[in-house]
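For reference, the structure is listed below as structure tokens.
The values are calculated or read from the model by the stated rules, or taken from the named source; none is laboratory data. Quick caveat, the model's predicted, so the values are computed rather than measured. Here the Cβ positions follow ideal geometry from the backbone for every residue, glycine too, while neighbour counts run over all protein chains shown.
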Amino acid sequence: MTAVDRIRDPWGARTPYGPGEAWPTRVDMYLAEGVNEDDVEAWVQSATILHSNGDGLDIAVREGRIVGVRGRAVDRVNHGRLGPKDLFGWQANHSPDRLTTPLIRRDGALVETDWDTAMNAVAGRTKELLQERGPSSIGFYTTGQLFLEEYYTLALIGHGGIGTNHMDGNTRLCTATAAAALKESFACDGQPGSYTDIDHADVIALYGHNMAETQSVLWTRVLDRLAGPNPPAIVCVDPRETPVARAATVHLAPRPGTNVMLMNGLLHEIVHHGWVDRDYIDAHTVGFAELEKQLEDYPAEKVAQVCDVPLADLQAAARLLGTAERLLSTVLQGFYQSHQATAAAVQVNNVHLIRGMLGKPGCGVLQMNGQPTAQNTRECGADGDLPAFRNWANDEHIAELGRVWNIDPMRIPHYTAPTHLMQMMRYVEDGSIRFLYVNGTNPAVSLPELGRIREILTQERLFLVVQDIFLSETAQLADVVLPAATWGEKTGTFTNVDRTVHLSEKAVDPPGQARADLDIFIDYARRLGLQDKDGQPLVKWSTPEEAFEGWKQCTAGRPCDYTGLSYDKLRGGSGIQWPCNDEHPDGTERLYEDGKFWSAPDYCESYGRDMVTGAPLEPTEYKAMNPLGKAVIKAGEYLPPHEVVSEEFPYLLTTGRTLYHFHTRTKTGRAPQLQNAAPEVWVEMSASDAQRHGWGEGDLLRITTPRGRVEARLRISGIRPGVLFLPFHYGYWDTPGGHEPGGAEGRAANELTVTDWDPASKQPLFKTGAARAERLLAGDGTPSAAPTTTASRPVGAGIPDTEGGPAATVTETVVDTSGGAS
């Protein structure tokens, strides 16, 4: 057992291993000050909630309070390891500013009220609008952090009860392109790969994916492979010098907005050199001839010039991708939130399809999620899609769902594609949506062009309901605020990126009158009087386990088949990957092992979209293109970004995350170790740009775009020249729970981002915009507060290391194969 400062060393000690070997077990544990392991009265099974990795953990309980966490050694995802957000983020549960009582707006102010009054107001306004304006006046905007049972209940209420098409999740901001890219290539959602592919791969490619900070335990797995014998080569595509880039064999830092150009250049090299599996292409795919023709226009020399990357590096990366025996690729926000998001992510799938690199150990694609339960939002239909990956354009799928729900299928909206969030906001703006129910998310900080968003959310004619655990910036604007329970205070299941389903048990009671989201949704449905066609309640469950059993019925025979799972089966051991059914009673490690896909026209979730216009393909078009249900190789033409640099705005602006915070810091900002590690906003600039301006570390800069401005201290980092980076976590408040909003323009990166989105996935483009920088105040020698352990590591010397000290000390216990510990 060793003690480690896990703020200073986010990934902990190395446990090296080689290809094909089992990843060693290392159990990480953190307990509150003054609590010893012997003091813990109960360890309650759960998994992590502050990223998408899905690390299994146990919650330590003493005297009715959470007092720490410990990694689950038996879990297939993390083998006992936890990341900094896992280890320290739970402290937000006990923050003194938790919402504990419903609030309602009276005379312009939010005042405390009782549950009956609050819920009658919510249900009453819903009924009024349904009578006056119909279902399309009602909108729902949910999160990526609830449980499966809650999403499914919400989808049932919205789609099957109210009948609105206006439902989306904040997964639109982080994972919509993942789903869209999988639908384009495989006609269905669901990650082909598994985390265990890291154990076998000889090349790992990360596209716009700073795994070291977004999925820190998964990066720990990669680091342990790199430290062992026969390590994999790493290809990194990122404009910043992230920890991934520093570990990479080849680091490509393309000009933001050129990802499709880059991918076409890599594919051109692979095809040109004959590094393709013709037998696999002929047997299992359609569309290769079109791709081959498209790639003629993307020779490496042209691509290197447009992307501004060294030609030799581009060719070296292509050689690694093209000659790998076992290739694993991961994709995240650097592609998803950038120009031509879906087209770029689809080209990563194409690399695997033309090389036949699917369904075998070490050969997989992980179109990553950004949130812990984003996969459930998509599976359950709470992002607007239909539950269990049913196709809204397939009438038989609608009829089938009607039978599951025992309703007339015509009640289920399927006249057009589901409404995405950005379009919903336009509908609120023009007054057609008059009721917006927001739960577990903070759009007043997380959406682009925040000045516009504030105007939309404060319209007099909008009835805004916010269900959350804190009085967030969005909750302050609401007409009704509903206090929710959170992780550790309720029971449910959730599914991570590689389809692993975990059970999270209730460990403690929620504070005050706070209620589980599931209970609030059921109450809402009953106050609305929603019924099936036999006059019985539409929502037929009252407990999480009953809801899970209802969900299993909905998934039977669909790709995300849960029928072989149960709460009992998930208790005590590891999470289990879907599909899990009679055919696969222990779950399914990889999809598409036999070259068979879920893409048959009568079965698939989606017929795809035009990646330039976003127009859905008609069923007849899809059937003509892919009658036998193969994988689809879809070419992507590069188009220049919509907003480019100019004399007035000479920098490209990109935004993103840091290891120590999650989204708008609603939870992580209330964990002292995490907040102290990254306490305030900063802006990153390259050393050459800073030198040209004569600026230094810690100078106060103003960053301006056509939409707004932000003030931040300068961190001179390894970012590529001509690019600025702002973390998006920081909202109105200096610290969560601090003073009232004021000077909101000064901190939030999304004051600057553009209202634009990818045509296919509808994901906002947070990483493509033009900006200018000016110095407001020269620094006094004090560096910016940006962490030194991450992609924001300074290039200059003499800047103190980011440390957590004794308060961040975690015990790590390496367990040997015989069950001993060291």
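Give the residue, chosen from 297, 282, that is surrounded by fewer than 17 Cβ atoms within 10 Å (Cβ to Cβ) and more than 17 Å from residue 640 (Cα to Cα). Before you say what the answer is, go through the steps one by one.
Values: 297 fails: more than 17 Å from residue 640 (Cα to Cα).
Sole residue among the options that is surrounded by fewer than 17 Cβ atoms within 10 Å (Cβ to Cβ) and more than 17 Å from residue 640 (Cα to Cα): 282.
Let's see how each residue does on (1) part of a loop (DSSP other than H, G, I, E, B); (2) in contact with a Ser or Thr (Cβ under 9 Å, 6 or more places away or on another chain); (3) touching a residue at least 12 places away in the same chain (Cβ under 8 Å); (4) closer than 20 Å to residue 371 by Cβ:
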position	(1), (2), (3), (4)
433	yes, yes, yes, no
438	no, yes, yes, yes
454	no, no, yes, no
472	yes, yes, yes, yes
476	no, no, yes, no
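Could you check, for segment 196-206, whether at least one of its residues is part of a loop (DSSP other than H, G, I, E, B), surrounded by 24 or more Cβ atoms within 10 Å (Cβ to Cβ), at pLDDT 95 or above and at positive phi?
To start, the set of residues in segment 196-206 that are part of a loop (DSSP other than H, G, I, E, B) comprises 200-202.
Imposing the further condition that a residue be surrounded by 24 or more Cβ atoms within 10 Å (Cβ to Cβ) reduces the set to 201.
Within this subset, residues satisfying the condition of being at pLDDT 95 or above are 201.
Remaining after also requiring at positive phi: none.
No - not one qualifying residue is present in segment 196-206.
Go through (1) touching a Pro at 6+ places or on another chain (Cβ under 8 Å); (2) modelled with pLDDT of 95 or more; (3) closer than 30 Å to residue 392 by Cβ; (4) in a loop (DSSP other than H, G, I, E, B) and name the single condition residue 634 misses.
Single failed check for residue 634: (1).
Those residues that are more than 18 Å from residue 166 (Cβ to Cβ) and of a type outside the set (A, V, I, L, M, F, W, C), I need them from segment 401-422; list them, please.
Listed by number, the residues that qualify are 402, 403, 406, 408, 409.
Evaluate segment 240-253: report whether one residue or more is modelled with pLDDT of 95 or more, on the phi > 0 side of the Ramachandran plot, within 20 Å of the chain's Cα centre (by Cα) and not acidic (Asp, Glu).
Taking segment 240-253 as the starting set, the residues that turn out to be modelled with pLDDT of 95 or more are 240-253.
Filter once more, so that each one left must be on the phi > 0 side of the Ramachandran plot: none.
No, the conditions are met nowhere in segment 240-253.
Go through 760, 771, 749, 712 for me and flag whichever is at pLDDT 90 or above, closer than 29 Å to residue 168 by Cα and surrounded by 24 or more Cβ atoms within 10 Å (Cβ to Cβ). Outline the logic, then answer.
Values: 771 fails: closer than 29 Å to residue 168 by Cα; 749 fails: at pLDDT 90 or above; 712 fails: closer than 29 Å to residue 168 by Cα.
Answer to the selection: 760.
I'm checking my understanding of the structure. Among residues of segment 591-630 that are outside any loop (DSSP other than H, G, I, E, B) and within 27 Å of the chain's Cα centre (by Cα), which one is modelled with the lowest pLDDT?
Going residue by residue through segment 591-630, those that are outside any loop (DSSP other than H, G, I, E, B) are 609, 616, 619-625.
Narrowing the set further to residues that are within 27 Å of the chain's Cα centre (by Cα) leaves 609, 616.
Numbers: 609: 96, 616: 93.
Selected residue: 616.
Check whether at least one residue in segment 216-228 is part of a loop (DSSP other than H, G, I, E, B) and buried (at least 24 other Cβ atoms within 10 Å of the Cβ), and report yes or no. It would help to see each step written out before you state the result.
Here is the first cut: in segment 216-228, the ones part of a loop (DSSP other than H, G, I, E, B) are 228.
Still in the running and buried (at least 24 other Cβ atoms within 10 Å of the Cβ): none.
For segment 216-228, residues part of a loop (DSSP other than H, G, I, E, B) and buried (at least 24 other Cβ atoms within 10 Å of the Cβ): absent.
Quick test of your reading of the structure: residue 58 fulfils all but one of (1) touching a residue at least 40 places away in the same chain (Cβ under 8 Å); (2) in contact with a Lys or Arg (Cβ under 6 Å, 6 or more places away or on another chain). Name the failing condition by number.
Looking at each condition in turn, residue 58 falls short on (1).
Do we have any residue at all in segment 258-273 that's under 20 Å from residue 310 (Cα atoms), in contact (Cβ under 8 Å) with a residue 12 or more places away in the chain, out of contact with any strand residue (DSSP E or B) (no Cβ under 8 Å at 6 or more places or on another chain) and among the small types (Gly, Ala, Ser)?
yes
Considering segment 111-141 alone, what residues qualify as being of a type in the set (Val, Ile, Thr), outside any helix (DSSP H, G or I) and surrounded by fewer than 20 Cβ atoms within 10 Å (Cβ to Cβ)?
Those that are of a type in the set (Val, Ile, Thr), outside any helix (DSSP H, G or I) and surrounded by fewer than 20 Cβ atoms within 10 Å (Cβ to Cβ): 111, 113.
Pick from 443, 510: which is touching a residue at least 40 places away in the same chain (Cβ under 8 Å) and of a type outside the set (S, T, N, Q)? It would help to see each step written out before you state the result.
On the way: 510 fails: touching a residue at least 40 places away in the same chain (Cβ under 8 Å).
Among 443, 510, only 443 is touching a residue at least 40 places away in the same chain (Cβ under 8 Å) and of a type outside the set (S, T, N, Q).
Could you tell me which residue of segment 1-43 is surrounded by the most Cβ atoms within 10 Å (Cβ to Cβ), considering only residues that are among the hydrophobic types (A, V, I, L, M, F, W, C) and over 26 Å from residue 489 (Cα atoms)? Walk me through how you get there before you give the answer.
First pass over segment 1-43, keeping only residues among the hydrophobic types (A, V, I, L, M, F, W, C): 1, 3-4, 7, 11, 13, 22-23, 27, 29, 31-32, 35, 40, 42-43.
Okay, now just the ones that are also over 26 Å from residue 489 (Cα atoms), so 1, 3-4, 7, 11, 13, 22-23.
Numbers: 1: 10, 3: 10, 4: 18, 7: 27, 11: 22, 13: 13, 22: 10, 23: 21.
In this case the residue turns out to be 7.
Let's see how each residue does on (1) within 17 Å of the chain's Cα centre (by Cα); (2) touching a residue at least 12 places away in the same chain (Cβ under 8 Å); (3) outside the structural domain of residue 364 (by TED's automatic domain parsing):
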{"site": "150", "(1), (2), (3)": "no, yes, yes"}
{"site": "162", "(1), (2), (3)": "no, yes, yes"}
{"site": "170", "(1), (2), (3)": "yes, yes, yes"}
{"site": "190", "(1), (2), (3)": "yes, yes, no"}
{"site": "195", "(1), (2), (3)": "yes, yes, no"}
{"site": "200", "(1), (2), (3)": "no, yes, no"}
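When you check residue 334 against the structure, is it modelled with pLDDT under 95, among the small types (Gly, Ala, Ser) and either buried (at least 24 other Cβ atoms within 10 Å of the Cβ) or out of contact with any Leu (no Cβ under 9 Å at 6 or more places or on another chain) (or both), yes or no? Can you show your working first?
Details: modelled with pLDDT under 95: yes; among the small types (Gly, Ala, Ser): yes; either buried (at least 24 other Cβ atoms within 10 Å of the Cβ) or out of contact with any Leu (no Cβ under 9 Å at 6 or more places or on another chain) (or both): yes.
Judged against the criteria, residue 334 is a match.
Just to be sure before I move on: is residue 585 in a loop (DSSP other than H, G, I, E, B) and in contact (Cβ under 8 Å) with a residue 60 or more places away in the chain in the structure I sent? Don't jump to the end; show me each part of the working.
Details: in a loop (DSSP other than H, G, I, E, B): yes; in contact (Cβ under 8 Å) with a residue 60 or more places away in the chain: no.
In short, no.
Which condition number does residue 132 fail, the rest of (1) in contact (Cβ under 8 Å) with a residue 12 or more places away in the chain; (2) over 30 Å from residue 623 (Cα atoms) being met?
(1)
Got a number for residues in segment 543-564 being in a loop (DSSP other than H, G, I, E, B) and aromatic (Phe, Trp, Tyr)?
Our first condition is that a residue be in a loop (DSSP other than H, G, I, E, B); within segment 543-564, this holds for 543, 556-564.
Next, from what is left, pick out any that are aromatic (Phe, Trp, Tyr): 562.
So the count comes out to 1.
I'm told residue 395 meets every condition in (1) in contact (Cβ under 8 Å) with a residue 60 or more places away in the chain; (2) surrounded by fewer than 23 Cβ atoms within 10 Å (Cβ to Cβ); (3) not β-branched (Val, Ile, Thr) except one. Can you identify the failing condition by its number?
It is condition (1) that residue 395 fails.
Taking residue 66, is it in contact with a strand residue (DSSP E or B) (Cβ under 6 Å, 6 or more places away or on another chain), β-branched (Val, Ile, Thr), surrounded by fewer than 24 Cβ atoms within 10 Å (Cβ to Cβ) and touching a residue at least 12 places away in the same chain (Cβ under 8 Å)? Talk me through it step by step, then tell me what you get.
Values: in contact with a strand residue (DSSP E or B) (Cβ under 6 Å, 6 or more places away or on another chain): yes; β-branched (Val, Ile, Thr): yes; surrounded by fewer than 24 Cβ atoms within 10 Å (Cβ to Cβ): yes; touching a residue at least 12 places away in the same chain (Cβ under 8 Å): yes.
Criteria met by residue 66.
Okay, residues lined up against (1) touching an Asp or Glu at 6+ places or on another chain (Cβ under 9 Å); (2) not in a loop (DSSP other than H, G, I, E, B):
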| site | (1), (2) |
| --- | --- |
| 661 | no, no |
| 675 | no, yes |
| 691 | no, yes |
| 698 | yes, no |
| 704 | yes, yes |
| 716 | yes, yes |
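Output the residues belonging to segment 566-580 that are in a loop (DSSP other than H, G, I, E, B) and surrounded by fewer than 19 Cβ atoms within 10 Å (Cβ to Cβ). Before the answer, list the steps.
The first filter runs over segment 566-580 and keeps only residues in a loop (DSSP other than H, G, I, E, B), leaving 566, 571-575, 578-580.
Those that are in a loop (DSSP other than H, G, I, E, B) and surrounded by fewer than 19 Cβ atoms within 10 Å (Cβ to Cβ): 566, 571, 572, 573, 574.
Please enumerate the residues belonging to segment 409-426 that are of a type outside the set (A, V, I, L, M, F, W, C) and out of contact with any Lys or Arg (no Cβ under 6 Å at 6 or more places or on another chain). Don't jump to the end; show me each part of the working.
Here is the first cut: in segment 409-426, the ones of a type outside the set (A, V, I, L, M, F, W, C) are 409, 411, 413-416, 418-420, 423, 426.
Passing the criteria: 409, 411, 413, 414, 415, 416, 418, 419, 423, 426.
Quick one: which residue in 542, 574, 504, 566 is hydroxyl-bearing (Ser, Thr, Tyr), over 27 Å from the mean Cα position of the chain (by Cα), outside the structural domain of residue 87 (by TED's automatic domain parsing) and farther than 26 Å from residue 444 by Cβ? Step through it out loud before you land on a result.
Details: 574 fails: over 27 Å from the mean Cα position of the chain (by Cα); 504 fails: over 27 Å from the mean Cα position of the chain (by Cα); 566 fails: over 27 Å from the mean Cα position of the chain (by Cα).
Within the list 542, 574, 504, 566, the selection yields 542.
Can you tell me which of (1) at pLDDT 95 or above; (2) surrounded by 20 or more Cβ atoms within 10 Å (Cβ to Cβ) is the one residue 664 doesn't meet?
(1)
Could you tell me whether any residue of segment 300-310 is at pLDDT below 95 and either assigned to a loop (DSSP other than H, G, I, E, B) or among the basic types (Lys, Arg) (or both)?
Taking segment 300-310 and keeping what is at pLDDT below 95, we get none.
No; the residues of segment 300-310 include none that is at pLDDT below 95 and either assigned to a loop (DSSP other than H, G, I, E, B) or among the basic types (Lys, Arg) (or both).
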